[in-house]
1. Suppose we filter the range B:5-18 for residues that are farther than 25 Å from residue B:61 by Cα and either more than 10 Å from DNA strand C (Cβ to nearest atom) or charged (D, E, K, R) (or both); how many remain?
2. Would you call residue A:56 at pLDDT 95 or above, more than 21 Å from residue B:105 (Cα to Cα) and either more than 9 Å from chain B (Cβ to nearest Cβ) or under 22 Å from the mean Cα position of the chain (by Cα) (or both)?
3. Being within 13 Å of another protein chain (Cβ to nearest Cβ) and surrounded by 19 or more Cβ atoms within 10 Å (Cβ to Cβ), is that true of even one residue in the range B:302-310?
4. Those residues that are out of contact with any strand residue (DSSP E or B) (no Cβ under 9 Å at 6 or more places or on another chain) and away from chain A (no Cβ under 13 Å), I need them from the range B:270-283; list them, please.
5. Checking residue B:88 against (1) among the acidic types (Asp, Glu); (2) within 16 Å of DNA strand D (Cβ to nearest atom); (3) in contact with a strand residue (DSSP E or B) (Cβ under 9 Å, 6 or more places away or on another chain), only one condition comes out false. Which one?
6. Report, by residue number, each residue of the range A:29-44 that is free of Cβ contacts under 8 Å to residues at least 24 places away in the same chain, closer than 11 Å to residue A:19 by Cα and of a type in the set (A, V, I, L, M, F, W, C).
7. Of everything in the range A:188-203, what is crowded, with 23+ Cβ neighbours inside 10 Å and either basic (Lys, Arg) or over 26 Å from residue A:124 (Cα atoms) (or both)? Give them in sequence order.
8. For the subset of the range A:215-254 comprising residues that are in contact with a helix residue (DSSP H, G or I) (Cβ under 9 Å, 6 or more places away or on another chain) and among the small types (Gly, Ala, Ser), which member is surrounded by the fewest Cβ atoms within 10 Å (Cβ to Cβ)?
There are 2 protein chains.
Amino acid sequence: MRTVTLKQIAEELNISVTTVSKALKGYSDVSKETKKRVLDLAERLDYTPNSFAVSLRMRQSKIIGVIIPDTVHYFFSIVIKGILKVAEQHDYMVILMQSNEKFELEKKQIDLLLSKGVDGILISLSNNTKRFDHLQKVIKHDIPLLLFDKIAKTVNCSKVYIDDRKAAYDAVTYLINKGYRRIAHFRGDLNPQNSIDRFLGYKQALLDNNIPFDPKLVYMCNNNTDFDDGYNNAKQMFEDHGHTIDAVFTITDLISIGIIKYCDDNGIKVPDDLALFGFSNWFMSSVINPELSTVEQHPFKIGETSAEILFDEIKRKLNDEPIEYKKVVIPTELVIRKSSEKSENNPIKKVINL
Amino acid sequence: MRTVTLKQIAEELNISVTTVSKALKGYSDVSKETKKRVLDLAERLDYTPNSFAVSLRMRQSKIIGVIIPDTVHYFFSIVIKGILKVAEQHDYMVILMQSNEKFELEKKQIDLLLSKGVDGILISLSNNTKRFDHLQKVIKHDIPLLLFDKIAKTVNCSKVYIDDRKAAYDAVTYLINKGYRRIAHFRGDLNPQNSIDRFLGYKQALLDNNIPFDPKLVYMCNNNTDFDDGYNNAKQMFEDHGHTIDAVFTITDLISIGIIKYCDDNGIKVPDDLALFGFSNWFMSSVINPELSTVEQHPFKIGETSAEILFDEIKRKLNDEPIEYKKVVIPTELVIRKSSEKSENNPIKKVINL
DNA sequence: GATTTAACCGAAAACGTTTTCGATTAACAA
DNA sequence: TTGTTAATCGAAAACGTTTTCGGTTAAATC
């Protein structure tokens, strides 16, 4: 099946390619009659413009690129959903790539997207990205760029993210207000800014409530694709501190789940013996027993907003309008479920001396 | 920053565009010396071919399209990961679209992908797709097409899927061999073939083991994004049959999870009072208490295999080699966890009269 | 009748490649 | 000298659009 071109329509109707093109695009210097003839034939032949030719001529691909660390993440899969929705509304298509948390791959993928002539790029940085030349290259090519979630503060472009520090602060403050005092933190790796910020929020909440910060209560989790880290660190924590810990605030829900697992296996009751507070509101957190209190990040909103801003920049660039980079902080919310709610008849006993 | 073209390199070196192109592509009729000059300058100017022009000329986009019902599914997110991996190995990019289980949208997206000139299309059909003209259109355009997971048997193209019927049969047979006799089935909607096949496998397993099939033990779940369906149907089941049911085989893990929730809320012990067997091995199934027995579908393998076959067809088409459509059945496996393993001191009591 | 105006159309250039085919030169053989 | 061969290069066409600009008619105006 040979694809039909303007030329074929033109020959069929004995008019020029120019006129056919104009008719299809609604130019005013085409008579009503010829316009109708063209439209009818185009319809009949199921004409679709060759997008390579259009892109070449118009210097536009109508494609944006999206790079994320991993598709297999509840959070990112929802972000993608948000992006796809907005892209479709703008008649755009989305090329998806995953960096697998590797800097080199991320860099290569940026080059691929640039060579493909995408009109814009959305990216959430890998945990191992510490240099940003590849992002600067995008900017130098004058391709709209937006960082979301895992961002780099020093790169000059629009950004969409959450206030990790405040969210963590709120969560820990909530625990404190509930009466928990000896609150541990299972933190993430050092690299992504998020884990640093969440740690800082945790620390600040303690200090603001006159609870001394104890580094011995901070445990490091570096793997975030499995719950073993939470499990093993829970074991370690009980070895280190016995049953003196009131609550744990974890960098992510998965870690909390690992702790729940450990508690299940060892007859420790959540939340009566140990309260838990996670982060990200993974799907399973509403499903596990006890249901997990957590921080809602609104990933769909993050995806939507990021895409909206990017398309706005693309449009402005086309119209030679000035672009000012936006920094949007998506508000987070605490989702209170059972894991942080000690039962009435078993109030918090352990209150350490302040 | 103006992007650099062959023409610019040619002018700089006072040679023709032709020669520059040939030098870059390693043609033999370019002298060693000029070749070196071209390569050096191209390197220095960071030349990258304009992909629109290349695509126009070569009639190849180096892009494949992928349509899935929903990105926010553990299963699909892993399939995507598999596809992306293989695509990258083949120097291909992936345009991702989600149909949101809507036929009209799926159809429109096919048109969009065709108009974009993708070199091939991978698709898992929406639950509401009952006509296949849009797929026939792809075939008529001579664009390699592959259906995976949710397939249409009547469409003449390659397919990658699992044997739902056999997997269900195996799961239910396992339950029977474990001593469970009165086994209910929470099935899915009528539309996707998968849910029919799983139901048929369930039925066959009963019959082959001389257990009468009782339609009253089959409950219909139509929503598969939430666990309410499992929860509510569990309630209904206990109202209908009291505690006479041994086990439930569910169309998907999520439904089992809903049942677990209901049991949790009503003091019913899983698996001692009721055994459960799910389908798909969602991440959370290894996390929930009790851990859920289920069927592993190997989504990564499905993604990989689908992409491999598609790229093979694309290659063959380029070389004018004959293409024979493949139907690959990815083997499934039972994942036995606690939800189907009644404890020793609480053996199965209820054995109905055969 | 001459001139302006409006309506309609098409030639041609441009976007940046790839590839065919012929041209040119130099070296070599007859 | 003529003819052959190998090595190197470039003109030009083609891929399918979009858009500028000028041309041709016919109607309207003076």
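The values are calculated or read from the model by the stated rules, or taken from the named source; none is laboratory data. In this text the structure is predicted, and so the values were computed from the model without any measurement. For neighbour counting, all protein chains shown are included, and Cβ atoms are generated from backbone atoms with ideal geometry for every residue, glycine included.
1. Number of matching residues: 5.
2. When the stated conditions are applied, residue A:56 does not pass them.
3. Yes, there is a match, as at least one residue in the range B:302-310 is within 13 Å of another protein chain (Cβ to nearest Cβ) and surrounded by 19 or more Cβ atoms within 10 Å (Cβ to Cβ).
4. B:272, B:273
5. Going through (1) among the acidic types (Asp, Glu); (2) within 16 Å of DNA strand D (Cβ to nearest atom); (3) in contact with a strand residue (DSSP E or B) (Cβ under 9 Å, 6 or more places away or on another chain) one by one, residue B:88 breaks only (2).
6. A:30
7. Within the range A:188-203, A:198 is the sole residue that qualifies.
8. Selected residue: A:247.
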